[in-house]
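Read the structure below first, then the notes.
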Amino acid sequence: MKRILTGIQPSGQLHWGNYFGAIQPMLEAQAGGNEMFFFIADLHAFTTVRDPEVFKKNQRDIVLDYIALGLDPRKSLFWRQSDVPAHSELAWFLMCLAPLGMLERAHSFKDKKAKGLETNSGLFTYPMLMAADILLYDAIGVPVGKDQKQHVEMARDIAQKFNHQFGEIFTLPEPQISKKLQTIPGLDGQKMSKSYGNTIPIFDDEKSLRKKIMSIKTDAISLGDPIDPKTCTVFQFHKLFENPEIAALEKKYKSGAIGFGDSKKQLFELVWEHFAPARERREILAKNLDEVEKIMQDGADRAASIANKKLKQVKKAIGISA
Ligand code: ADP
Ligand code: TRP
């Protein structure tokens, strides 16, 4: 059994790209009996979020979303980063060991700076907080998107440096980038991403979801003409959401028996049905926020008992009384 750990920033409504790219693989790993450690990276989010109300709402939403979608707090460890102060504390020790040059090479920081976005010291030292998140729990597998691979490599580098200097305290983590994972396209056919404003949220209301699906960009093909399913984003979604009639639909595409409009209407039905159980669970959870908070506190207690032990070892090794 492998200990797998990953974090997700609470940064707004989850979309289909997150679902297929991050949530489904995590649920599969959970079902496969792996030891899943999963936390809400709220301290990381504070590098960019500035509105306290939005911040609060995003955090509450992400907890509801994940539990509703199938994350099982009895099987997986699920907590909020800020509830376990050991994350920030270890991050400090790692920052003191991290050469500036290492952090200056971080692509994500360089990209943000190059785009003229607001930068701050938290954003600069972000990889060391992320390293702390991982190293506190002796995680081996860290599933992340391609953009985060370098951060996991930095966690490994700093762990090696620490171990070399102070003794074998940390387990060396590995980034896990799923090769079979595809990039989910957005409304405009580009990668679906909040930053491109082309997302379709998982928990959209009926009217808005219908409208979004109807606005998925398609080629200019006259009604009655054949459509190549391979180049059609709508068809790709039928496949991803496992339309049971996919073979028949493919035939209709190729013979010109279906147009984009009808294919989109069918896609709406398919997706609405697909997320119905999660939507119902989410509504119930939203009415029982005290229960949800208990789940999170329990997760934080369990996470803290592991993290605090590791932090104690670290302090002892560097010569700070623990
Ligand atoms: P966004 O690009 O909307 O800001 P995030 O960077 O917060 O999304 O992504 C969170 C997780 O979802 C990451 O693991 C990322 O790899 C995955 N993900 C996001 N968008 C897509 C996509 N279009 N295709 C596949 N995976 C995605
Ligand atoms: N930086 C990751 C992201 O933006 C989130 C994250 C924070 C994370 N800490 C982590 C991911 C530790 C994996 C392991 O997507």
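A quick yes/no check of all residues on (1) more than 16 Å from ligand 1 (Cβ to nearest atom); (2) in contact with a Ser or Thr (Cβ under 7 Å, 6 or more places away or on another chain):
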| site | (1), (2) |
| --- | --- |
| Thr6 | no, no |
| Phe39 | no, no |
| Asn58 | no, yes |
| Ile67 | yes, no |
| Trp79 | yes, no |
| Pro85 | yes, no |
Residue among Glu89, Glu35, Glu28 that alone is of a type in the set (Asp, Glu), in contact with a helix residue (DSSP H, G or I) (Cβ under 7 Å, 6 or more places away or on another chain) and farther than 19 Å from Leu289 by Cα: Glu89
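Based on what the data block shows, is Ile213 under 22 Å from Gln13 (Cβ atoms), β-branched (Val, Ile, Thr), part of a helix (DSSP H, G or I) and out of contact with any Asp or Glu (no Cβ under 7 Å at 6 or more places or on another chain)?
Details: under 22 Å from Gln13 (Cβ atoms): yes; β-branched (Val, Ile, Thr): yes; part of a helix (DSSP H, G or I): yes; out of contact with any Asp or Glu (no Cβ under 7 Å at 6 or more places or on another chain): yes.
Considered against the rule, which asks whether it is under 22 Å from Gln13 (Cβ atoms), β-branched (Val, Ile, Thr), part of a helix (DSSP H, G or I) and out of contact with any Asp or Glu (no Cβ under 7 Å at 6 or more places or on another chain), Ile213 comes out as yes.
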The residue that is nearest to ligand 2 (Cβ to nearest atom), considering only those in region 122-178 that are under 17 Å from Lys112 (Cα atoms) and among the charged types (D, E, K, R), is Asp147
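What number of residues in region 99-115 are closer than 14 Å to Val152 by Cα and not in a helix (DSSP H, G or I)?
Pass one, region 99-115, residues closer than 14 Å to Val152 by Cα: 102-103, 105-108.
If we keep only those that are not in a helix (DSSP H, G or I) too, we end up with 105-106.
The total comes to 2.
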Output the number of the condition that Met36 fails; it satisfies all remaining conditions of (1) among the aliphatic types (A, V, I, L, M); (2) modelled with pLDDT of 95 or more; (3) in a strand (DSSP E or B). (2)
Scanning region 130-187 for residues that are under 14 Å from Leu90 (Cα atoms) and in a loop (DSSP other than H, G, I, E, B), which turns out nearest to ligand 1 (Cβ to nearest atom)? Tyr137
Conditions (1) modelled with pLDDT of 90 or more; (2) under 19 Å from the mean Cα position of the chain (by Cα); (3) buried (at least 18 other Cβ atoms within 10 Å of the Cβ): number failed by Gly21: (1)
Got a number for residues in region 231-268 being of a type in the set (Phe, Trp, Tyr) and touching a Lys or Arg at 6+ places or on another chain (Cβ under 7 Å)? 1
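When region 172-191 is examined, which residues are found to be surrounded by 17 or more Cβ atoms within 10 Å (Cβ to Cβ) and closer than 22 Å to Phe38 by Cα?
Going residue by residue through region 172-191, those that are surrounded by 17 or more Cβ atoms within 10 Å (Cβ to Cβ) are 173, 175-176, 184-187.
Across region 172-191, the qualifying residues are Pro173, Pro175, Gln176.
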I'd like to check something: does region 195-211 contain any residue that is more than 19 Å from the chain's Cα centre (by Cα), away from ligand 1 (no atom under 16 Å from the Cβ), farther than 30 Å from Gln236 by Cα and surrounded by 14 or more Cβ atoms within 10 Å (Cβ to Cβ)? no
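When the residues of region 45-86 are filtered to those that are among the hydrophobic types (A, V, I, L, M, F, W, C) and part of a loop (DSSP other than H, G, I, E, B), which remaining residue is surrounded by the most Cβ atoms within 10 Å (Cβ to Cβ)? Before the answer, list the steps.
Filtering region 45-86 down to residues among the hydrophobic types (A, V, I, L, M, F, W, C) leaves 45-46, 49, 54-55, 62-64, 67-69, 71, 77-79, 84, 86.
Narrowing the set further to residues that are part of a loop (DSSP other than H, G, I, E, B) leaves 46, 49, 71, 84.
Working: Phe46: 14, Val49: 18, Leu71: 18, Val84: 25.
Ranking the candidates gives Val84 first.
Might you check whether a residue that is over 30 Å from Lys312 (Cα atoms), touching a Lys or Arg at 6+ places or on another chain (Cβ under 9 Å) and of a type in the set (Val, Ile, Thr) occurs anywhere in region 140-160? Talk me through it step by step, then tell me what you get.
Filtering region 140-160 for residues over 30 Å from Lys312 (Cα atoms) gives 145-147.
Restricting the remaining residues to those that are touching a Lys or Arg at 6+ places or on another chain (Cβ under 9 Å) gives none.
No, the conditions are met nowhere in region 140-160.
Every residue, every condition in (1) part of a loop (DSSP other than H, G, I, E, B); (2) in contact with a helix residue (DSSP H, G or I) (Cβ under 6 Å, 6 or more places away or on another chain); (3) over 26 Å from Asp205 (Cα atoms), yes or no:
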position	(1), (2), (3)
Glu242	yes, no, no
Ala247	no, no, yes
Lys254	no, no, yes
Ala257	yes, no, yes
Asp262	no, no, no
Lys265	no, no, no
Leu270	no, no, no
Ala278	no, yes, no
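The values are calculated or read from the model by the stated rules, or taken from the named source; none is laboratory data. Computed from a predicted model, the values in this text were never measured in an experiment. Neighbour counts are summed over all protein chains in view; Cβ atoms, including those assigned to glycine, are modelled from backbone coordinates with ideal geometry.
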